[in-house]
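Novice: What follows is a structure written as structure tokens; I'll ask about it next.
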Amino acid sequence: MLDTHNAFEVDVGTFENALDYRITKFSEFPEVIERNRADLKGKTVVSFCTGGIRCEKAAIHMKEVGIDHVYQLEGGILKYFEEVGGAHYNGECFVFDYRTALDPNLQPTTTAQCFGCRAMVSVADQESPFYKPGETCPACHPDAKAGRVAKPRR
């Protein structure tokens with residue numbers, strides 16, 4: 001199983017034991033595959049992503065560079081959730097809309113995304129005094145980065 005998500009999406013959720021090359025944007029995928037092509041040669045590779053578009057592009061690319069046994073998760077993680085549920089999947093699935101993340105029942109979760117730095121903000125991080133919806137989170141707040149102790153929110 002090869003996760004074609006960007007690293008921040010993988011951090012929200014992925015399949016058990018999936019390969020994660022920690023890409024920051026999909027345009028890095030061809031270079032990462034080139035560096036790791038020998039490891040994939042002769043193996044069956046199933047690429048997956050949120051809705052099926054990136055994993056289809058990934059599968060086509062891998063076939064073009066000589067990786068023969070390549071498949072994709074048709075319809076992506078969301079279709080998998082719809083048909084199978086959450087078996088063998090850990091976490092939530094990041095989506096590119098106001099919901100941020102969905103659980104295996106395709107219901108929105110409480111995970112948020114920071115407007116300032118685009119980091120994923122867990123429920124615990126949402127309780128931090130460094131979290132200011134629409135502005136900052138513990139990952140990007142200037143006082144958090146400087147190691148200062150935050151004053152409780154009021």
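The values are calculated or read from the model by the stated rules, or taken from the named source; none is laboratory data. Owing to the predicted nature of the structure, the values given are computational and were not obtained by experimental measurement. Counting neighbours? That spans all protein chains shown, and the Cβs are built from the backbone with ideal geometry, glycine included.
Novice: Can you confirm whether E16 is in contact (Cβ under 8 Å) with a residue 60 or more places away in the chain, surrounded by fewer than 16 Cβ atoms within 10 Å (Cβ to Cβ) and acidic (D, E)?
Specialist: On the way: in contact (Cβ under 8 Å) with a residue 60 or more places away in the chain: yes; surrounded by fewer than 16 Cβ atoms within 10 Å (Cβ to Cβ): yes; acidic (D, E): yes.
Yes: the conditions hold for E16.
Novice: If D143 satisfies every condition in (1) charged (D, E, K, R); (2) over 19 Å from T14 (Cβ atoms); (3) assigned to a loop (DSSP other than H, G, I, E, B) but one, which is the exception?
Specialist: (3)
Novice: Something else now. Yes or no: L106 buried (at least 18 other Cβ atoms within 10 Å of the Cβ), in contact with a Phe, Trp or Tyr (Cβ under 7 Å, 6 or more places away or on another chain) and modelled with pLDDT of 95 or more? Full working, then the answer.
Specialist: On the way: buried (at least 18 other Cβ atoms within 10 Å of the Cβ): no; in contact with a Phe, Trp or Tyr (Cβ under 7 Å, 6 or more places away or on another chain): yes; modelled with pLDDT of 95 or more: yes.
Criteria not met by L106.
Novice: Taking K63 as meeting all but one of (1) surrounded by fewer than 18 Cβ atoms within 10 Å (Cβ to Cβ); (2) of a type in the set (D, E, K, R); (3) touching a residue at least 60 places away in the same chain (Cβ under 8 Å), write down the number of the exception.
Specialist: Evaluating K63 over (1) surrounded by fewer than 18 Cβ atoms within 10 Å (Cβ to Cβ); (2) of a type in the set (D, E, K, R); (3) touching a residue at least 60 places away in the same chain (Cβ under 8 Å) leaves (3) as the failure.
Novice: Same structure again: Filter segment 23-51 down to the residues that are assigned to a helix (DSSP H, G or I) and either of a type outside the set (A, V, I, L, M) or under 19 Å from I77 (Cβ atoms) (or both) and list them by number.
Specialist: Within segment 23-51, F26, S27, E28, F29, P30, E31, E34, R35, N36, R37, D39 qualify.
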